[in-house]
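Shown next, in structure tokens, is the structure this report addresses.
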């Protein structure tokens with residue numbers, strides 16, 4: 001699946017010797033999660049066979065800047081709810097995949113992009129990576145339980161209440177990232193992870209990941225619908241977007 005405005009696929013897919021490498025390929029948009037990108041990710045994971053390790057990366061400066069807001073003004077609350085539900089479906093597929101999934105992140109890792117990172121088994125951050133989860137600014141419970149399971153309730157509350165930017169070093173300290181490494185070291189890390197993932201028989205590895213995963217899928221969907229289904233979702237998201245745009249303009253003015 002491709003976006004009509006782009007000759008390049010929104011997702012680059014590479015397969016070799018048990019490795020499924022998926023690269024978000026919307027660098028000009030910060031690899032924001034458009035409907036086309038979300039759907040092709042879901043389709044690819046659903047169809048994946050004989051995978052020992054799946055790797056998620058982002059092309060360009062950023063891993064993923066989150067939910068694509070470019071068409072916000074033309075969307076209804078119902079449209080937004082559906083798009084968030086599809087993103088939650090993607091996050092659940094990643095987190096409960098029958099094979100290990102590892103994310104390698106650089107630059108901005110924001111909102112649903114940070115949720116995608118947190119849903120993975122191994123989470124490698126480049127030194128320049130910066131994480132932020134602003135979803136509760138518009139009262140949206142997306143990925144909150146998974147984040148809490150990864151970093152603990154106190155750290156999750158601090159991160160989500162303050163919507164603060166978390167540098168890579170702090171992400172490593174709190175457990176959001178499992179490793180800190182420059183992009184030049186990523187190929188060797190991927191090779192080592194693939195070797196680890198290949199140590200067990202495929203069925204045993206799948207069973208291990210199923211048994212050791214906390215399954216909150218139904219609760220997560222129900223909570224997302226309760227929070228995103230309230231009237232005024234579009235206005236809340238638009239207000240957040242306008243706030244971000246104004247802050248960027250102010251910073252740009254200060255630099256001049």
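Laboratory data are not the source of any read-out in this text; all were calculated from the coordinates shown. All values reported here derive from a predicted model rather than from experimental measurement. Cβ: placed from backbone, ideal geometry, glycine included. Neighbour counts: every protein chain shown.
Odds and ends about this structure:
- Linear extension gain, residue 222 paired with residue 184, 0.36 nm per residue minus alpha-carbon span: 9.6 nm
- Whether the range 78-187 is rounded, prolate or oblate, judged on the alpha carbon gyration tensor where a/c under 1.5 counts as rounded: oblate
- Every helix of 4 or more DSSP H residues in the chain counts as -39500 (n - 2.57), and over all residues that averages to -14500 deg cm²/dmol at 222 nm.
- Binned Cα-Cα distance frequencies in the chain - 5 Å width, integer %: 1, 6, 13, 18, 20, 19, 13, 6, 3, 1, 0, 0
- Pairwise centroid distance, computed over Cα atoms, of the range 132-205 with the range 79-106, Å: 13
- Between residue 85 and residue 211, residue separation times 0.36 nm minus the direct Cα-Cα distance comes to 42.9 nm.
- Cα centroid of the range 209-256 to Cα centroid of the range 48-78, whole Å: 14
- Segments 23-34, 158-169 sorted - mean Cβ within 10 Å per residue, highest first: 23-34, 158-169
- Maximal additional length on extending the residue 158-residue 21 stretch stands at 46.0 nm, based on 0.36 nm per residue less the C-alpha distance.
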